[in-house]
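Asks: Questions regarding the structure given below will be posed in turn.
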Amino acid sequence: MHIKKWAGICRNVMLWVLPLFFSLSGGQVLAQEMEDCMECHGDSTKVSKVPRIERETGEVKVVSMLVDKDAFMHSAHGLSKEGFTCTDCHQDLSGVYGEHAALLQPVDCVTFCHDDPGASYLEGSHVGHMKEKEKEKKRAPPTCKECHIGQNSMRETPVKDDPFHRGQINQMCSGCHEEYKLTYCTNLHGQLASLGYCNTDIANCSDCHGGHEILKSEDPASQVGKKHIVETCNKCHKGADQKFVKHIAHPKFKRPELYKDLLKALKDRDLKKIASDPQSYLMLIFLMYMGIIGFTFTAFGTHSLLMWFRILQDERKGEDGHGH
Amino acid sequence: MATKKEEKLYLRFTLFHRVSHLLLIISFFGLVLTGMPLAFQGQDWARWLYALLGGYPTCGYIHRICAGMTFLCAFLHFAYVSNIVLRKGEGAKIMWGVESIMLQPRDVVDILADVKWLLGFGPRPAFDRWIYWEKFEYLSLMWGTIVMAVTGFMLWFPTTFSIAFPGWAMDIALVAHRYEAILAAAFVFTIHFIHTHLLPDRIPVDEAMFTGRVSGEELQHERPTQYKRLLEAGILETYRVPPNRTLSLLSKIVAVPLLLIGLMLTSLMVSSLILDLI
Ligand code: HEM
Ligand code: HEM
């Protein structure tokens, strides 16, 4: 807690002192406007697409060096009252005019600006899990920029309520939690999100689990833990109470795991466990409907087919079927 | 079946029934078109259809308005039935007997005769006013509407229902609502369509439910027992009505596209279900 507080104070001091310092030392840096960069980066004859190695993940991508200023102005940093310029983030270019070196330092989101919410992610237990399982799942923990990517570039960081960002979060989580994504999509929350509606009124993974600090549901401090779940659901469902939150967020009736668990419980004669798990009732209803649907369509399907042929047969014989 | 000039037409459905049925068609299509994309959210056609109809939350509003129309239909129907049962003292007639749409002992005989005919061992059975599968269709629609209405309301007001039920009751409601909807839509769009419109002797459209009229020939062919009964009682001619060409044309114009939409949607649903399993 102390570290966080001090880091926050340091950040604020930096934000005020650094510009002051630079403006006293000749006023050059403040004059380094976006237009200086846009002279080249807004002109497709001067910059083009270049292959670029993502230094943090090692991926190679072909990236356009063309900057869409409008899109930037609508991103979180463009909209901010702080009036960011290019070199606030591309700090190794402060004071550099005209041409510059090709390979720049990756933008550092954390150190000077976002150590505050950044730490909650970087020091959380979830990242620990990700790192532990990194080899097994063949996937490194996502970086700040991967989760906060814009539609065209990492530069266009969307605000946190932006539907694109919210959809991106679902995709990030699903990359490692495929089975939870599938079960999420058997509920209305996930069905609506999967149809492409990710506005703030439709719950995505982080509305329930949190964005940076993600804890196990058994942990009382978790957003879906005992203490906070009512509050979490109340964001959208006014009047949610302790009874309402017994909702099954991840119904498993279409997942083979459930049936394996069930067989095991049956073998152990653990009927109490089966009866106390609402997932079992969901499964029963599901299987019942599969049975009804199967029966109805075999019965009426054969009936319709046979009828079709019999009528044709009767017509060919030139009868009306009643023997006339 | 083109209506020949001197063909005699008889009234099978009154204006009340036709209007109710039209209302039911409109609301049912609205419900299916705005509901199915949710059930098949992984499919491209579902995204396309949902966006086409306005996306979230517009589709949700359409779904609820159409649900209201379904309630109106159900209300009108029950008001009509109870009016007959209570006031006219003719209750017995629509609840039991040849004119009734409730299942009768006679239907067992009909089913057996039908199976015999289908397998080629007998003549086409002589049905009365309601064929047994029409009764099944009616009764399953009634049951289905109740299930859809109850579960639909639970999804509409989940926090209100959680006063009485735990949260997972809403999940049960969702599963029941989804699969009952798939059952109902697939049934109406295939079996009901085949029975009423797509059999070789009446393709493409049976206008009975739109114009209310059936020809004497058709009546004799499909429901000979009813025809004979009415003829012998001497009241057949009281059902006689003049042809209505405008209505007949109109019903074709309305029904053919609806039939095509229904069949298309069913093929998408069925192919998605099969692809899901593979
Ligand atoms: C009669 C009263 C009905 C009510 C009150 C009702 C209400 C609802 C509600 C509140 C939803 C949640 C999704 C949304 O907000 O749009 C829903 C979903 C749905 N409804 Fe209905 N509905 C009714 C009838 C029907 C009927 C007759 C059908 C089709 C045969 C139907 C098909 C569906 C489907 C397929 C879904 C998506 C279920 C899923 O998420 O998988 N509904 N309904
Ligand atoms: C394009 C859509 C539809 C068309 C063209 C259509 C047409 C018809 C016709 C012609 C009949 C009369 C059959 C007879 O000669 O007795 C009928 C009956 C009936 N329809 Fe539909 N229908 C459609 C959709 C629906 C829907 C969506 C429902 C309800 C979910 C429904 C429920 C019924 C019921 C309960 C009957 C009475 C039982 C029977 O006669 O089979 N129909 N329909």
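The values are calculated or read from the model by the stated rules, or taken from the named source; none is laboratory data. All figures in this text were calculated on a predicted structure; none of them were measured in a lab. Reconstructed Cβ throughout: ideal geometry from the backbone, glycine too, with neighbour counts over all protein chains shown. These accessible areas exclude ligands, DNA and RNA; they are computed on the full protein's heavy atoms, side chains included. Shrake-Rupley method; radii C 1.70, N 1.55, O 1.52, S 1.80 Å.
Asks: Could you look through region B:114-134, keep only residues that are among the basic types (Lys, Arg) and either out of contact with any Ser or Thr (no Cβ under 9 Å at 6 or more places or on another chain) or within 11 Å of chain A (Cβ to nearest Cβ) (or both), and pick out the one that is nearest to ligand 1 (Cβ to nearest atom)?
Replies: B:ARG124
Asks: May I pose another question? So which residues in region A:151-190 are polar (S, T, N, Q), within 13 Å of chain B (Cβ to nearest Cβ) and assigned to a loop (DSSP other than H, G, I, E, B)?
Replies: A:THR186, A:ASN187
Asks: In addition: So, A:CYS233, is that one touching a helix residue (DSSP H, G or I) at 6+ places or on another chain (Cβ under 6 Å), within 14 Å of chain B (Cβ to nearest Cβ) and farther than 27 Å from A:GLU136 by Cα or not?
Replies: Against the criterion (touching a helix residue (DSSP H, G or I) at 6+ places or on another chain (Cβ under 6 Å), within 14 Å of chain B (Cβ to nearest Cβ) and farther than 27 Å from A:GLU136 by Cα), A:CYS233 qualifies.
Asks: Output the number of the condition that B:ASP44 fails; it satisfies all remaining conditions of (1) within 14 Å of chain A (Cβ to nearest Cβ); (2) more than 23 Å from B:VAL256 (Cα to Cα); (3) open to solvent by less than 60 Å² (accessible area, probe 1.4 Å).
Replies: (3)
Asks: Also: Any residue in region B:17-30 that is within 11 Å of chain A (Cβ to nearest Cβ), within 16 Å of ligand 1 (Cβ to nearest atom), part of a helix (DSSP H, G or I) and open to solvent by 40 Å² or more (accessible area, probe 1.4 Å)? Write out each step before concluding.
Replies: The first filter runs over region B:17-30 and keeps only residues within 11 Å of chain A (Cβ to nearest Cβ), leaving none.
Among the residues of region B:17-30, not one is within 11 Å of chain A (Cβ to nearest Cβ), within 16 Å of ligand 1 (Cβ to nearest atom), part of a helix (DSSP H, G or I) and open to solvent by 40 Å² or more (accessible area, probe 1.4 Å), which makes the answer no.
Asks: Could you count how many residues in region A:169-188 are touching a residue at least 40 places away in the same chain (Cβ under 8 Å) and open to solvent by 30 Å² or more (accessible area, probe 1.4 Å)?
Replies: 4
Asks: Restricting to region A:165-179, give me the number of residues that are of a type outside the set (Ser, Thr, Tyr) and under 16 Å from A:LEU192 (Cβ atoms).
Replies: Taking region A:165-179 first, the residues of a type outside the set (Ser, Thr, Tyr) are A:165-173, A:175-179.
Now drop any that are not under 16 Å from A:LEU192 (Cβ atoms), which leaves A:166-167, A:169-171.
Of the residues in region A:165-179, 5 are of a type outside the set (Ser, Thr, Tyr) and under 16 Å from A:LEU192 (Cβ atoms).
Asks: Specify the residue that is nearest to B:ALA173 (Cα to Cα); the eligible residues are those in region A:146-168 that are surrounded by fewer than 20 Cβ atoms within 10 Å (Cβ to Cβ), of a type in the set (A, V, I, L, M, F, W, C) and at pLDDT 90 or above.
Replies: Out of the qualifying residues, it is A:PHE164.
Asks: Among (1) more than 9 Å from every other protein chain (Cβ to nearest Cβ); (2) touching a helix residue (DSSP H, G or I) at 6+ places or on another chain (Cβ under 9 Å); (3) outside any loop (DSSP other than H, G, I, E, B); (4) modelled with pLDDT of 90 or more, where does A:LEU266 come up short?
Replies: Here A:LEU266 meets the rest and fails (4).
Asks: Considering only region A:199-214, state which residues are open to solvent by 20 Å² or more (accessible area, probe 1.4 Å) and not in a helix (DSSP H, G or I). First the steps, then the outcome.
Replies: If we filter region A:199-214 for residues that are open to solvent by 20 Å² or more (accessible area, probe 1.4 Å), which is where we start, we get A:199-201, A:205-209, A:211-214.
Scanning region A:199-214 gives A:ASN199, A:THR200, A:ASP201, A:GLY211, A:HIS212, A:GLU213, A:ILE214.
Asks: Further question on the same structure: Can you go through A:GLU82, A:GLU123, A:GLU136 and tell me which one is open to solvent by 50 Å² or more (accessible area, probe 1.4 Å), more than 25 Å from A:MET172 (Cα to Cα) and not hydroxyl-bearing (Ser, Thr, Tyr)?
Replies: After applying the criteria, what remains is A:GLU82.
Asks: How many residues are without any contact (Cβ under 8 Å) to a residue 12 or more places away in the chain and more than 12 Å from every other protein chain (Cβ to nearest Cβ) if we restrict to region B:145-163?
Replies: Of the residues in region B:145-163, 2 are without any contact (Cβ under 8 Å) to a residue 12 or more places away in the chain and more than 12 Å from every other protein chain (Cβ to nearest Cβ).
Asks: Something else now. Taking region A:246-263 on its own, how many of its residues are assigned to a helix (DSSP H, G or I) and among the aliphatic types (A, V, I, L, M)?
Replies: 3
Asks: Follow-up. For region B:195-219, how many residues are more than 12 Å from the chain's Cα centre (by Cα), within 21 Å of A:SER304 (Cα to Cα) and within 11 Å of chain A (Cβ to nearest Cβ)?
Replies: The total comes to 7.
Asks: Consider B:THR145 carefully, then state whether it is modelled with pLDDT of 90 or more, surrounded by 18 or more Cβ atoms within 10 Å (Cβ to Cβ) and within 16 Å of ligand 1 (Cβ to nearest atom).
Replies: yes
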